[in-house]
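I have placed the structure first, in the form of structure tokens, so that the comments after it can refer back to it.
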Amino acid sequence: MNDSFLHKGKRRQLIQYLHDKVGIIDQKVLDAMNAVPRHLFIESIFEDFAYEDRAFPIAASQTISHPSTVAEQSELLHVTSGDKVLEIGTGSGYQAAVLVALGAQVYTVERQKDLFDFSSRKLRELNLKPKFQSFGDGFAGLPTFAPFDRVIVTCGAEILPTELLKQLKTGGKMVIPLGKPDEQILYRFTKISEKEFEKEEFGAYKFVPMLNNTHK
Ligand code: SAH
């Protein structure tokens, strides 16, 4: 694994930026992001820019999220070590790696076969392995492994995937962008009881769309 002194230095600068400019104060999130070599999750032509706050194209016309978005979603999720976390949209595997570094037991689902293959290999190589990786449609969640302490959705859904709320434990939280393809609002749902949820709003974002079915 090529994680040089230079990469580590740039990564520390990114962490400083996430703290000072983005306003991330959860030290566990900052430490987890400092532990994951983001440059190894993107194509080598972008390697020099891996520690700038930028999104990049990955396989299957998808994108790896901005580091600030990963930091904000991770902070909003309030992960405690040992939590069972379901991620929808494995993509490059970067966000999953950050969750593993936070001590979570990660269950992650991806609908694009190329990305499922890439992320499985990458996370194994880096020894940041989720508990379970699934090639499937995240709208269904992972009923066999439910309930989860946390759910994080890294693609923008036009309609609320109610199945995912069902798979949350009482007291559990789900962070999800909801809205039209050109802009979504980031929400956090907290499950108060089987039928009651608290809903909080955290500003506008642009994620790739959450789509039905799988794609080989
Ligand atoms: N967490 C990723 C972000 C990738 S972009 C990362 O850190 O790189 C969002 C991902 O969600 C894409 O890879 C896309 O294919 C996937 N996606 C979209 N709809 C989905 C669905 N219904 N089920 C599972 N994955 C989905």
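Values quoted throughout were computed directly from the atomic coordinates according to the rules given, and no laboratory measurement underlies them. Bear in mind that the values here come from a model prediction, so they are computed numbers and not experimental data. Glycine gets a Cβ as well: all are built from the backbone with ideal geometry, and neighbour counts include every protein chain shown.
Numbers for the structure displayed
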| quantity | calculated |
| --- | --- |
| Theoretical ellipticity at 222 nm over the chain - DSSP helices of four or more residues, -39500 (n - 2.57) apiece, nearest 500 | -8000 deg cm²/dmol |
| Exceeding the 20 Å Cα-Cα cut-off - candidates Lys28/Lys173; Lys8/Lys113; Lys84/Lys131; Lys28/Lys191; Lys166/Lys206 | Lys8/Lys113; Lys28/Lys191; Lys166/Lys206 |
| Per-peptide average of other Cβ atoms within 10 Å, ordering 97-106, 181-190 highest first | 97-106, 181-190 |
| For the chain, built as a Gaussian network whose Cα springs stay under 10 Å, the top-fluctuating residue of Gly136, Gly93, Gly203 | Gly203 |
| Debye, to nearest 20: dipole size of the chain, +1 on Lys, Arg Cβ, -1 on Asp, Glu Cβ | 480 |
| FRET E, pair Phe145, Glu201, Förster distance 35 Å, beta-carbon r, rounded to 0.05 | 0.75 |
| The chain: angle of helix 67-77 to the longest principal axis, Cα-based, in degrees nearest 10 | 40 |
| All-pairs Cα distance distribution in the stretch 57-205, expressed in whole percent, bin size 5 Å | 2, 10, 21, 24, 24, 13, 5, 1, 0 |
| Burial ranking of peptide ranges 34-41, 79-86 (average Cβ count within 10 Å, highest at the top) | 34-41, 79-86 |
